[in-house]
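K.L.:
Structure below; questions to follow.
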């Protein structure tokens, strides 16, 4: 820090010099003591200089609004919004979020270190602080077919970057439990570097949590029940309460929060679609929902601000206090979380729902990120699922959850012994096609609960390896959708009777659009309309649900390019069920 800046800040704090900006007549939220205080808020050079009585070169009358620290998202994948970091930052400002801790796990699985570097470069200099945790599991598990393999040799150079905080969600628990060499190297180097390690404890027992904690992993965002939440808090972990597009866990977990443990709880979105961010909100929605569920408003704000800052040792964020960054909100109504203005470093960036100031940062997309979809020519024969009996292992969708069921049901079989999709039984064909290295690997399975009555939907957003995933009622539409995705070099498409109803092109690693958030949102709305033409349900997002059906680290049954995978048994299984 420049000594002149520090001297000036201290002079303002002492009342010897006027502040750059003073906020008067506001109700200041005290996150340290879970209360409210009255007084002026003095700001100079982007930092709070004091709370008390001050004079300023510029004065803003808060007119009785609440003055709150701005919100922090403790764990998010920007790629799930399908827009660039710059466009994502604009959406965040509309919802009072000025800091996020992101994991570029998705783009890293497709484009490796080049993908990570793109996210760092394209988020540089933005008026939202985008901080990074390095992806720990690329691929997610050893047998996955992703676009890259990242070990500590590739990750360690990023630790010198000022916006890199540590190692992101460690989802390969067997590698941790068994002290697998490459995992141990990542854990050790991260610890030696003094960095943080995030967890991903889906389905772990209390004994497993002991191993996690012993390894230096201190957070988890995969809780779905009160008992799981209690177990993590008892072990000393920070509980990340998630409310995303598919995984909506807040209502199930918020009952664990009380006055004794609330400071160990924080909010995350993890994966949230752009349209949901715009319609519902980001962390502001978590806060609002928590208040509706009975949490005291100031406790909810603590969970969205100082708790997250302390979890990640962000020692000058998350509070209205001298020496902290002047990132704050003016809120009309705490219960409804009506945000009137958003300030970053003492500058108003959002006023009454409109972005008033934003520093653009446009960079060129490297060629290596724009040509990432390649696979062999497909034939109908490649899509057949032979069954010796009319019973099969089926992926059962749980609406608005990352979890799936392992179902065993009767299915329709055609005259030559191949699975036949059925609208009556809500059983569709599910296909995962390797799209990174031309390996010709194709995983085939059956999914129940997606609700399509016709056609096919396809996407290159398929966590975590992001191969091409397609669900459909007939092979011709599945093939057509696959070829359309190849032509677009990534994206989402809705197909019916050999025609594209609508599509969203995602040419950056098959995950991100270069368009503005408003343009992408318009195309997402078109996708939603097209899905209705296929008979899709309005109760959950079919594309978001589809995107997690290839993720072999969240129970119970998923589909990889090698076939059905049973997460609990951690092995591939046959579709066939022999009676």
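K.L.:
For helix 105-122, what angle does its Cα long axis make with the longest principal axis of the chain, in degrees from 0 to 90 and rounded to 10?
P.N.:
30 degrees
K.L.:
I've got another one for you. If you average the C-alpha positions of region 505-579 and of region 334-370 separately, how far apart do those two centres end up, in angstrom?
P.N.:
Each part's Cα centre sits 29 Å from the other's.
K.L.:
Next up: Among 111-119, 355-363, 343-351, how do they line up from the highest to the lowest mean number of other beta-carbon atoms within 10 Å? The partial results should precede the final answer.
P.N.:
On the way: 111-119: 22.1, 355-363: 12.6, 343-351: 20.0.
In decreasing order of mean packing, 111-119, 355-363, 343-351 become 111-119, 343-351, 355-363.
K.L.:
In terms of the Cα gyration tensor, with a ≥ b ≥ c the square roots of its eigenvalues, is region 70-317 rounded because a/c is under 1.5, prolate because a/b exceeds b/c, or oblate?
P.N.:
oblate
K.L.:
Continuing with this model, one more query. Could you grab the relative contact order for region 70-317? Cα pairs under 8 Å, six or more apart, rounded to a whole percent.
P.N.:
On the way: 444 pairs, mean separation 48.1, N = 248.
Relative contact order, region 70-317: 19 percent.
K.L.:
Could you tell me the relative contact order of region 464-579? Use alpha-carbon pairs under 8 Å, at least six residues apart, and round to a whole percent. Before the final figure, lay out the partial values.
P.N.:
Working: 135 pairs, mean separation 17.9, N = 116.
Averaging sequence separation for qualifying contacts and normalising by length gives 15 percent for region 464-579.
K.L.:
May I ask for the angle, rounded to the nearest 10°, between helix 475-488 and the longest principal axis of the chain, with both axes built from Cα atoms and the value confined to 0 to 90°?
P.N.:
Helix 475-488 and the main axis of the chain meet at about 40 degrees.
K.L.:
Which of the three applies to region 330-417, rounded, prolate or oblate, going by the alpha-carbon gyration tensor with a ≥ b ≥ c and a/c under 1.5 meaning rounded?
P.N.:
Numbers: a/c = 5.84, a/b = 1.95, b/c = 2.99.
Because a/c hits 1.5 or more and a/b fails to exceed b/c, region 330-417 counts as oblate.
K.L.:
Continuing with this model, one more query. Would you work out if region 529-574 is rounded, prolate or oblate? Take a ≥ b ≥ c from the square roots of the eigenvalues of the alpha-carbon gyration tensor; rounded if a/c is under 1.5, else prolate when a/b is larger than b/c, oblate otherwise.
P.N.:
Values: a/c = 3.49, a/b = 2.60, b/c = 1.34.
Since a/c reaches 1.5 and a/b is larger than b/c, the shape of region 529-574 is classed as prolate.
K.L.:
I would also like to ask the following. When you take every Cα atom in region 52-110, what is the radius of gyration, and what is Dmax, the widest Cα pair distance, in Å?
P.N.:
Computed over the Cα atoms of region 52-110, radius of gyration and Dmax are 16.8, 54 Å.
K.L.:
Output the Cα-based Rg and Dmax of the chain in Å, rounding Rg to one decimal and Dmax to a whole number.
P.N.:
24.4, 90
K.L.:
Write down the Kirkwood hydrodynamic radius of region 483-567, to one decimal in angstroms, obtained as one divided by the mean of 1/r over all alpha carbon pairs.
P.N.:
Numbers: mean 1/r = 0.0698 Å⁻¹.
Mean inverse Cα-Cα distance, inverted, gives 14.3 Å.
K.L.:
Hey, another quick one. Looking only at region 459-522, where both bridge partners belong to it, what percent of the DSSP beta bridges are antiparallel (to the nearest 5)? Before the final figure, lay out each step's value.
P.N.:
Details: 9 of 9 bridges.
In region 459-522, DSSP labels about 100 percent of beta bridges as antiparallel.
K.L.:
Hey, if you drop one equal point scatterer on each alpha-carbon of region 368-572 and run the Debye formula without solvent, what base-10 log of I(q)/I(0) do you get at q = 0.14, 0.17 Å⁻¹?
P.N.:
Computed log10 I(q)/I(0) values: -0.76, -1.15.
K.L.:
How big is the antiparallel share of DSSP beta bridges in region 70-317, given as a percent to the nearest 5? Could the numbers behind the result be given before it?
P.N.:
Numbers: 2 of 23 bridges.
Counting only bridges with both partners in region 70-317, antiparallel ones make up about 10 percent.
K.L.:
If you don't mind, there's one more thing I want to ask. Running Debye on region 261-329 with equal point scatterers at the Cα sites and no solvent, what base-10 log of I(q)/I(0) appears at q = 0.21, 0.24, 0.25 Å⁻¹?
P.N.:
So the normalised log intensities work out to -0.95, -1.11, -1.15.
K.L.:
Between the helical axis of 517-533 and the dominant principal axis of the chain, each derived from Cα atoms, what acute angle in degrees is found, rounded to the nearest 10?
P.N.:
Taking Cα atoms only, the helix is inclined about 40 degrees.
K.L.:
What do you get when you divide the Cα radius of gyration of region 220-354 by 2.2 N^0.38 Å, with N the number of residues? Don't skip to the end; give the middle numbers.
P.N.:
Numbers: Rg = 14.8 Å, N = 135, 2.2 N^0.38 = 14.2 Å.
After normalising by residue count via 2.2 N^0.38 Å, the value is 1.05.
K.L.:
Hey, fewest Cβ within 10 Å first, where do 8, 242 land in order? Don't skip to the end; give the middle numbers.
P.N.:
On the way: 8 18, 242 27.
Sorted ascending by nearby Cβ count, the order is 8, 242.
K.L.:
Would you work out the relative contact order for the chain, in percent, from Cα pairs under 8 angstrom that are 6 or more residues apart?
P.N.:
On the way: 1410 pairs, mean separation 85.0, N = 579.
After rounding, I find 15 percent.
K.L.:
Out of the DSSP beta bridges found with both residues in the chain, what percent are antiparallel (nearest 5)? Don't skip to the answer; put the middle values down first.
P.N.:
Details: 76 of 107 bridges.
Rounded to the nearest five, the antiparallel share is 70 percent.
K.L.:
Could you order peptides 450-459, 58-67, 498-507, 22-31 by the average number of other Cβ atoms within 10 Å of their residues, highest first? Please list the in-between numbers first.
P.N.:
On the way: 450-459: 22.9, 58-67: 16.5, 498-507: 18.5, 22-31: 21.0.
Top of the packing list down: 450-459, 22-31, 498-507, 58-67.
Where a number appears in this text, it was derived from the coordinates with a stated rule and is not lab data. As the structure is a prediction and not an experimental result, all values here were calculated from the model. Neighbour counts are summed over all protein chains in view; Cβ atoms, including those assigned to glycine, are modelled from backbone coordinates with ideal geometry.
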